[in-house]
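The values are calculated or read from the model by the stated rules, or taken from the named source; none is laboratory data. Since the structure is predicted, the reported quantities are computational estimates derived from the model, not experimental observations. Please note: Cβ atoms are built from the backbone with ideal geometry, for glycine as well, and neighbour counts cover all protein chains shown. When the accessible area is computed, the model is the full protein with side chains, heavy atoms only, and any ligands, DNA or RNA have been set aside. Shrake-Rupley method; radii C 1.70, N 1.55, O 1.52, S 1.80 Å.
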Amino acid sequence: MRTNLSKLVLLCVVSLLLFDCGRKRNNNSSDQDLPTPVAEQPLADSATRFRGYAELSSLIETSLMETKGAFSLAEYMGVFNSQFFGVTGIGALLGYYNPDPLNPGWRNVKPNAVGMSVYLMSFDFFALEIAQKSCGIPLEGKQLQEIALKPLVKDLFSTICASGSNLSESDARELWFALSSGLGPESDFSFWREDLKSIDPMTPVERVQFVTKVSLTAPWVLTHF
Amino acid sequence: MSFHKSTNQSIDRRSLLSSSVKVTYSGLFTSLLGGGVSLGSTFQSKLNDVKDANKEPHFFLMINIPDGLDTSYLFDARPLAMTEKSLQVNYLSEAPVPFVGTNGGSTLRTSLTEPLMKWSSRFSVINGVVMSPSFDGHDQNMNILLTGNPFGGSSFVPWFNLSDRPIDVVRTGFLFASIDNLDRSIDLNAQTCKGLAENIGVYQGSSAATEAILRRSQRNSSRSSSVGLTSEEIVNALKGIPKLASRLAKVELPEQQEPPQGESDSQRSIRTAKDNTLMLAKMMQQGVIDAGELILDLFLDSHDASSAKRLPVEIKSVVEIISNVFEIFSQEVSPSGRRLLDDTTILIASEFSRTMRQDRVAIDKSGTDHNPLTNTLILAGKGIRGGQVIGASDFVSHDENLSSCHMTLDPSKLKLMGRPFDVNSAQFLNASPAAFDQNLYLQPMSVVNALQDLFGVPSDRRLTFGRNLPVVPSLKVALA
């Protein structure tokens, strides 16, 4: 558990160094600025692990949000909330840490059909919030939660809404880096850039949803190292 | 699912969250997954969708009765003379009757079992199962029942998903156990099942996104890195969504009614268990699952006298629930065309039984405590040789000479204990052990291993006596 926390702290530090809130977009950023991706590490042990729900929610918050403590992915899960799944709650479906002294360890941390469906749904709804903040798409009804995107992330999504895949190379890299929490392998960037072209005929909301879902379901986002 | 096309048109998030949306798939998406989806088909073609022509359907249902069920109120009763001698609590206050199995085994049963007797040829009673000589906690013994290890581990139930359904097990409640292989199992009940069915396929969103996700995951699938392995798992999970969604859509359940006014807790437990039984039956019928766990919600942990006095009422509820399971499964049609009960193996178990009384408490004011030295398991349905009484517990009369082992483990003589039993020959051992020897007693792992044999689970999953110890012999006599 301590090792996992220290790795998360390291990721936060890396993300903060590269996505400082006041930093302007740098059109001259080079590949050398990107840290060595951890996504291509060989299998450390036989137990690969999907991130537990709470850990994933925390990672998204660290990567995309300006402030900590206010974001919860569960807010976007609609009918799939803890009431839906009874006393066991969303953690039992999407992975959690069981501190049971008899047999402590992570539980339910492999992807399953229901869990992936829940994640896709929640990322869709999360994207609506992003679209509202970044693209000025008004949403009726009470806010699910106040989210304050990092200014850079907010700006990049604004560009997505307005210009589709027509991002500069550096902007595309920065958005990809933010959404993959700094974990994406270099080999994936060009494919991601290519996939992005699909959004051009879409509406602004659909564009944001596409980018959000495709990026946040990346295996290097969903895998715990 | 369609989205508003105009940026000027606002989107009502609440309506989006709460709407019931039909499942739709693009042809490109389904072709990418290499499979079509059959929607809106007739009942016969539904059976054809589900049935694998080369494989006989074989389902598993566990009726899990947490809290420690006092089996002396069912098929391990004691004569009233034991109560008269202040040895055994009996708030039913009736004399039990003999129950003789087709194998010559015998026991005493109470009048509470009467509703089950019409099914007696379909089930066998296994008495005298020793859960543990030392651990007596709910969680420790539930762990033993499900994993063979008091500290928990992998439950055997998901291993019965031999058709590789997207969901291993649907469980209808919470269990106090430490299980580490429920990744593809979900907790559902009849109320939430409909919501899942309506929503599960919807949130793939645009097919372009899902196609991109699949492409990326497939590109990264390999077994040489953590990410590669997760990619493979993501692909399998995503491919499971349309199959699961289409099958869940065919699970037709009656509309949930408002609970009747003045419904007691027991009545509520019976009603919800019946609804959940029907849900599990329909899910098996439609190929959503091969294995289900019906987890009962009754208060059976009768440490205090008032709970103990209520036990006959609670256990009557247990029997009604089990009886409903047999009724429903004998009515619902299996994909084979037979009845579900013909194609389903059922295990009914609690994590342990209870003491006969509490120490130094008047017999008519006594509660009962945990007793892991004996338990009763019931097997029924497909592949089970019904009508048997296998094994037995000791202390059947007030003057029985108990073994040294029993006296060591239970010096106050508060408990029943399983009799020494040879699993391989299914014969009682003429032995009075001085100490507990796991080779001399019937343990739940023997029942679980017999079930694994029946289902053809790979042999490396048989439960053992412990780390680096031999496999526990399978109770083959229970099988047809």
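Worth a mention:
- Its DSSP H runs of at least 4 residues, each contributing -39,500 (n - 2.57), put the calculated 222 nm mean residue ellipticity of chain B at -10000 deg cm²/dmol, to the nearest 500.
- Net charge dipole size for chain B [Lys, Arg +1 and Asp, Glu -1 on Cβ; Debye, nearest 20]: 1360
- When A:E129, B:E252 are compared by accessible surface with a 1.4 Å probe, the order from highest to lowest is B:E252, A:E129.
- Neighbouring Cβ atoms from other chains, within 10 Å of the Cβ of residues in A:210-217, number 5 on average.
- Amide H partners (placed H, <5 Å) of B:L182, local residues excluded: A:N108
- If you bin all the Cα-Cα distances of chain B at 20 Å, starting from zero, the percentages per bin are 22, 51, 22, 4, 0.
- Shielding by other protein chains, B:192-199, mean Cβ within 10 Å: 3
- Furthest towards positive pole of dipole, B:S221, B:M279, B:V157, structure part region B:157-285, Cβ charges: B:S221
- Taken one residue at a time, the phi angles of region B:453-462 give Karplus couplings (6.51, -1.76, 1.60, θ = phi - 60°) of 4, 4, 8, x, 5, x, 5, 6, 9, 5 Hz. Gly and Pro are set to x.
- The simple Förster model, with R0 at 60 Å and r as the Cβ-Cβ distance, assigns B:K309 and A:E169 a FRET efficiency of 0.15.
- The rule of thumb for compact globular proteins, 2.2 N^0.38 Å, goes into the C-alpha radius of gyration of region B:195-302 1.51 times.
- Sum of side-chain charges, B:P150 neighbourhood, beta-carbon under 14 Å (Lys, Arg +1; Asp, Glu -1): -3
- Listed residues B:N439, B:G466, B:V100: farthest to the positive end of the dipole of chain B (Cβ charges): B:G466
- Per residue of peptide B:176-186, the mean number of Cβ atoms on other chains within 10 Å of the residue Cβ is 6.
- Rounded to the nearest 5, the antiparallel percentage of DSSP beta bridges internal to chain B is 50%.
- A cut-off of 5 Å between modelled amide H atoms, ignoring neighbours fewer than 5 places along the same chain, links B:N103 with B:V389.
- Within region B:147-225: Cβ-based charge dipole about Cα centre, in debye rounded to nearest 20 (Lys, Arg +1; Asp, Glu -1): 280
- Cut-off 14 Å between beta-carbons: net charge of the residues surrounding B:I270, Lys and Arg +1, Asp and Glu -1: -3
- Diffusion coefficient (Stokes-Einstein, Kirkwood radius over C-alpha pairs, 10 °C, 1.306 mPa s) for region B:322-456: 92 µm²/s, rounded to a whole number.
- Between region A:157-215 and region B:55-114, the Cα center-to-center distance that results, in Å: 65
- Cα gyration tensor shape of region B:336-379, rounded if a/c is under 1.5, else prolate or oblate by comparing a/b with b/c: prolate
- Taking the C-alpha atoms only, the angle from helix B:190-199 to the longest principal axis of chain B is near 20 degrees.
- Nearest-20 debye value, region B:313-388 charge dipole, Cβ charges on Lys, Arg, Asp, Glu: 200
- Across region B:132-138, coupling constants 3J(HN,Hα) worked out from phi with the 6.51/-1.76/1.60 Karplus curve, θ = phi - 60°, read 6, x, 9, 8, 10, x, 4 Hz, and Gly and Pro carry x.
- Each distinct pair of alpha carbons in region B:267-363 adds a 1/r term; the inverse of their mean, the Kirkwood radius, is 15.2 Å.
- With DNA, RNA and ligands ignored, accessible area of B:I179 (1.4 Å probe; Å², nearest 10): 10
- Look at the alpha carbon pairs under 8 Å that are at least 6 residues apart: their mean separation over the length of region B:80-176 gives a relative contact order of 12 percent.
- When the alpha carbon coordinates of region B:81-201 are projected onto the principal axes, the ranges are 60, 37, 30 Å, largest first.
- Cα gyration tensor shape of region A:98-197, rounded if a/c is under 1.5, else prolate or oblate by comparing a/b with b/c: oblate
- Total formal charge among the other residues, if their Cβ is under 15 angstrom from that of B:V97, Lys/Arg +1 and Asp/Glu -1: -1
- With the charge dipole of chain B set up from +1 on Lys and Arg Cβ and -1 on Asp and Glu Cβ about the Cα centre, the Cα lying farthest toward the positive end among the listed residues B:L175, B:L414, B:A291 is that of B:A291.
- Distant-in-sequence amide H partners of B:T344 (H built 1.01 Å from N, under 5 Å): B:F59, B:K382
- Residues of region B:378-397 with amide N under 20 Å of a point placed 7 Å along Cα→Cβ from B:S432: B:392-397
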